[in-house]
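Engineer: Below you'll find the structure I mean.
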Amino acid sequence: MSIVRFPSEFGNYTILRRIGGGATADVYLAEQQPLRRKAALKILKKRLADDEINVQRFIREAQAIAALNHPNLVHIYQIDCRDGNWYIAQEFVEGENLHQRLCRIGTLPIPETVDILRSLSSALDKAAHVGIVHRDIKPENILLGSGGDIKITDFGLARVAQQTFDVTDAALTEIGMTLGTPLYMSPEQAQGKPLDHRSDMYSLGITGYYILTGQLPFQGDTPLAVAMQHVHKKPKPVRELRPDVPAALAQIVERMIAKKPEERYKTFADIVTELDSIKTKGLSAKNSERFSLTDIRKRMFHFPFVLVPCLCVIVLGLSLGYGYRSFQTPPLPVPVTEGVPKRQTVEEQWIYACFVNTPEAWQSVIDYYPDEEYLWGFKAKRQQIRYYFYNNDSVSPLPLFQEFAELSDTDMENQRLGLAGLAWCCAENQTDMKTAGEFLNRVYSTGVLYDDPLFLQILDAASKTLNRKKEHSVRQ
């Protein structure tokens, strides 16, 4: 695993910490100088920056957002290239994304749902007026600020219907013809047909369906199976799953997810008008209630496609060559169990943790079921290590690596993982390079390298970091 490191000073930005990342870019919280303004720096991965098509796609994302000026869209401050590193500086929204909110508290109250759908419809109406189709509307790309802000982000897959910018759109979209996430993908997008704003309308409707009912209308064992359901299968009515939803709101969402684009609303402005009508009529206290987190999880346990720990593989499994993740996430949480609901069995606790994928969710498997530590506990600890490693956090997993390294030779696989992890942490944090080398030597001394992807990735990262810093020391 190749990890790109940047100095704390990056042009006129001071990088404070890494806050996210995905297949194409890493995202850092930074402070713009001399304005002392917080910004999210989205830096294209070095391996992609050498490809002109990827660079043009990256530039197009910035141009797409910069062409708009709307309170419910993230604002772009700057796009530039520094020392071969292409980056977008954009507004930093402190809070969480909609997916995280739903995982944390379950379905939302009706009034809040109406406000979210109205804000997003207004923003997408602005985008539609200049011919921009987002193509990846989903809860992960909807940011909810701590001050009540609602923002759409991640225009990396956006398509400009009219050739406003100097890019060859056909070449750019060839990288991934059917881009987007299958759980929220419109029928026409799944079939590779031409798209307009009504495709985003469908995806927003699926998002609204999920907010209201706590489940997605279409599930399947493979991305293709889900995509075909979007094309052919009729979803269950919203009120069948949640009777307290006002009929008018259910009708709006169900019209948004009509199979044929011509059967949906003509414009997002029409949706805004109807949602305003619902707000004008008022919402009763009964309609402000939401399902409990227990209720929503019970529904989710019936759908393994949603709960499989490799949910991120959905995008990769598309075999379409280009995947995106939601980039802006809150600071890495401390692994505590407080606030995590306890499931009835360790298996269900594990499934819950797979879905949420936070250190505290994995910690709940360990804390709630201590008698299952040898089987489930160590598996959960490995998932915590994986989380920290993939988020380039070489401090938080130190106690875990230490615990693994002290295991006896009867569990040599996890012992070697601990040693490789300690070497990586030492090298990354510029502590004693000699100690880092000793940890690596202990790994190699057995002559056995286990075919464990996580172990091999951490070992590779530790070796590369140590060699790079040795070369740097020699040059000095």
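The values are calculated or read from the model by the stated rules, or taken from the named source; none is laboratory data. Just so you know, these numbers come straight off a predicted model, no measurement behind them. Ideal geometry is used to build each Cβ from the backbone, glycine not excepted, and the neighbour counts take in all protein chains shown.
Engineer: Quick one: residue 45 ticks every box in (1) modelled with pLDDT of 85 or more; (2) in contact with a strand residue (DSSP E or B) (Cβ under 7 Å, 6 or more places away or on another chain) except a single one, so which number is it?
Structural biologist: Only one criterion is unmet by residue 45, namely (1).
Engineer: Are there strands (runs of 3 or more DSSP E) fully within the range 67-131 with at least 2 residues that are surrounded by 19 or more Cβ atoms within 10 Å (Cβ to Cβ), out of contact with any helix residue (DSSP H, G or I) (no Cβ under 6 Å at 6 or more places or on another chain) and not basic (Lys, Arg)? List them. Outline the logic, then answer.
Structural biologist: Working: elements: 76-82, 85-91, 95-97.
Correct list: 85-91.
Engineer: Shifting gears a bit: Among what's in the range 452-473 and is within 13 Å of residue 423 (Cβ to Cβ) and either among the hydroxyl-bearing types (Ser, Thr, Tyr) or not in a helix (DSSP H, G or I) (or both), pick the residue that is farthest from the chain's Cα centre (by Cα).
Structural biologist: 463
Engineer: Taking residue 73 and the conditions (1) over 23 Å from the mean Cα position of the chain (by Cα); (2) modelled with pLDDT of 85 or more; (3) not small (Gly, Ala, Ser), which numbered condition does it fall short on, given that it satisfies the others?
Structural biologist: Of the numbered conditions (1) over 23 Å from the mean Cα position of the chain (by Cα); (2) modelled with pLDDT of 85 or more; (3) not small (Gly, Ala, Ser), the odd one out for residue 73 is (1).
Engineer: Further question on the same structure: What are the residues in the range 420-471 that are exposed (fewer than 14 other Cβ atoms within 10 Å of the Cβ) and modelled with pLDDT of 90 or more, if any?
Structural biologist: None; the set is empty.
Engineer: Report yes if residue 434 is closer than 27 Å to residue 340 by Cβ and part of a helix (DSSP H, G or I), otherwise no. Talk me through it step by step, then tell me what you get.
Structural biologist: Details: closer than 27 Å to residue 340 by Cβ: no; part of a helix (DSSP H, G or I): yes.
Here the answer is no, as residue 434 does not meet what is asked.
Engineer: Related question: Answer yes or no: is there a residue in the range 368-375 that is over 21 Å from residue 18 (Cα atoms) and not in a helix (DSSP H, G or I).
Structural biologist: Quick first cut of the range 368-375, residues over 21 Å from residue 18 (Cα atoms) only: 368-375.
With not in a helix (DSSP H, G or I) added as a condition, the list becomes 369.
Yes, there is a match, as at least one residue in the range 368-375 is over 21 Å from residue 18 (Cα atoms) and not in a helix (DSSP H, G or I).
Engineer: Something else about it: Looking for something at positive phi, modelled with pLDDT under 70 and not in a helix (DSSP H, G or I) - is there at least one such residue anywhere in the range 290-300?
Structural biologist: no
Residue-wise test of (1) at pLDDT 90 or above; (2) within 28 Å of residue 129 (Cβ to Cβ); (3) among the aliphatic types (A, V, I, L, M).
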{"site": "192", "(1), (2), (3)": "no, yes, no"}
{"site": "199", "(1), (2), (3)": "yes, yes, no"}
{"site": "205", "(1), (2), (3)": "yes, yes, no"}
{"site": "221", "(1), (2), (3)": "no, no, no"}
{"site": "247", "(1), (2), (3)": "yes, no, yes"}
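Engineer: Here's a follow-up. At pLDDT 75 or above, of a type outside the set (S, T, N, Q), farther than 19 Å from residue 140 by Cβ and out of contact with any helix residue (DSSP H, G or I) (no Cβ under 9 Å at 6 or more places or on another chain): does that describe residue 40?
Structural biologist: On the way: at pLDDT 75 or above: yes; of a type outside the set (S, T, N, Q): yes; farther than 19 Å from residue 140 by Cβ: no; out of contact with any helix residue (DSSP H, G or I) (no Cβ under 9 Å at 6 or more places or on another chain): yes.
Judged against the criteria, residue 40 is not a match.
Engineer: Given (1) crowded, with 18+ Cβ neighbours inside 10 Å; (2) in a helix (DSSP H, G or I), identify the lone condition not met by residue 265.
Structural biologist: (2)
Engineer: Still on this structure, please answer the following. Say whether the condition of being more than 27 Å from the chain's Cα centre (by Cα), in the same structural domain as residue 121 (by TED's automatic domain parsing), assigned to a helix (DSSP H, G or I) and aliphatic (A, V, I, L, M) is met by at least one residue in the range 229-244.
Structural biologist: No.
Engineer: Name the single residue that is surrounded by the most Cβ atoms within 10 Å (Cβ to Cβ) among those in the range 236-255 being in contact (Cβ under 8 Å) with a residue 12 or more places away in the chain and among the hydrophobic types (A, V, I, L, M, F, W, C).
Structural biologist: Filtering first and then ranking leaves 253.
Engineer: Every residue in the range 12-64 that is buried (at least 18 other Cβ atoms within 10 Å of the Cβ), touching a Lys or Arg at 6+ places or on another chain (Cβ under 7 Å) and outside any strand (DSSP E or B), please.
Structural biologist: 22, 24
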